[in-house]
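Below you'll find the structure, written out as C-alpha cells, and then a few comments.
The values are calculated or read from the model by the stated rules, or taken from the named source; none is laboratory data. Computed from a predicted structure; not experimentally measured. With ideal geometry, Cβ positions are generated from the backbone for all residues, glycine too; neighbour counts draw on all protein chains shown. Side chains are part of the model used for accessible areas, which takes the heavy atoms of the whole protein and leaves out ligands, DNA and RNA. Shrake-Rupley method; radii C 1.70, N 1.55, O 1.52, S 1.80 Å.
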Amino acid sequence: VCPVGTICFHGQFIRGRYIGEDWLLDRDSREYFVSHCPPAGFEKFRPTFNNSYLWNVAQCKPCGLNRYIVNEEYTCQPCPVGSVCECPEDEDNPGVRICTLNKHKVKVNGEAKEHIGSWEADPSTGVF
C-alpha cells in the first residue's frame, strides 16, 4: 500500500513527495511512516482519531505564503504583523515557496526597514 503523501510505482514505495523528507519502514506493521520533514518551511501533519496519533498517515505539508515554522516540532505560524517574511521558491521542490522571517527587518508604512535588534522565537511555542 502506498503511504499518504508519497510517490509509489506499482504500489511500491519510491520516496516522499518532497525532497528532504525522511521515511522509515516500521518493522512490525511493514508500513512506511514519515520521520522528518524537509529542514525549512514544512510542518509534519499529524492526524489524530479519538485522541490517538495516526502515525501511518502523517505527512509533510508546506506552510504556504506568509507562514513560517521554526522547526518540525511546531506548527506553521502566520508571519507576525510588522515583520518581513521572505518567500522564495524552494530550489529542491519547485512550486513550493518557503517563507522565513527576516529577523532584522520590520515593516514601517508597508516598507521594509532595517531594525536594530531582532525578532526571537519563543522556544516553548515556536512563535516570534
Residue among GLY64, GLY41, GLY11 with the largest mean-square fluctuation in a Gaussian network model of the chain, springs linking Cα atoms under 10 Å: GLY11
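Report, to the nearest whole %, how much of the accessible area of the chain belongs to carbon and sulfur atoms, 1.4 Å probe, protein only.
Working: 4310 of 8390 Å².
Carbon and sulfur: 51 percent of the exposed surface of the chain.
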Reachable lysines from LYS103, criterion Cα separation under 21 angstrom, eight or more residues apart if same chain: LYS113
Label-point separation, VAL57 to ASN109 (7 Å along Cα→Cβ), nm: 5.2 nm
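Based only on the alpha carbon positions, what is the Kirkwood hydrodynamic radius of the chain, in angstrom? Could you put the intermediate results ahead of the total?
Working: mean 1/r = 0.0615 Å⁻¹.
Hydrodynamic radius (Kirkwood, Cα only) of the chain equals 16.3 Å.
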For ASP90, residues with placed amide H under 5 Å, excluding near neighbours: GLY95, VAL96, ARG97, ILE98
Separation of alpha-carbon centers, the stretch 1-53 and the stretch 66-95, rounded to whole Å: 21 Å
Listed residues ARG46, ARG27, ARG17, most fluctuating in the chain (Gaussian network, C-alpha, under 10 Å): ARG27
Convex hull per residue volume in Å³, alpha carbons only, for the stretch 58-128: 97 Å³
Inter-site label distance for ARG15 and SER29 at 7 Å from Cα along Cβ, in nm: 2.4 nm
Cα-based convex hull, the stretch 28-97, per residue volume (Å³, whole number): 113 Å³
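If R0 is 25 Å, what FRET efficiency do you get for ASP92 and THR125 from their C-beta distance, rounded to 0.05? Working shown, then result.
Values: r = 28 Å, r/R0 = 1.11.
Rounded to the nearest 0.05, the efficiency is 0.35.
Just the number please: accessible area per residue for the stretch 71-121, 1.4 Å probe, all protein chains included, in Å².
Values: 3380 Å² over 51 residues.
Heavy-atom accessible area per residue stands at 66 Å².
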GNM top mover of ALA112, ALA40, ALA58 - the chain, alpha-carbon springs below 10 Å: ALA112
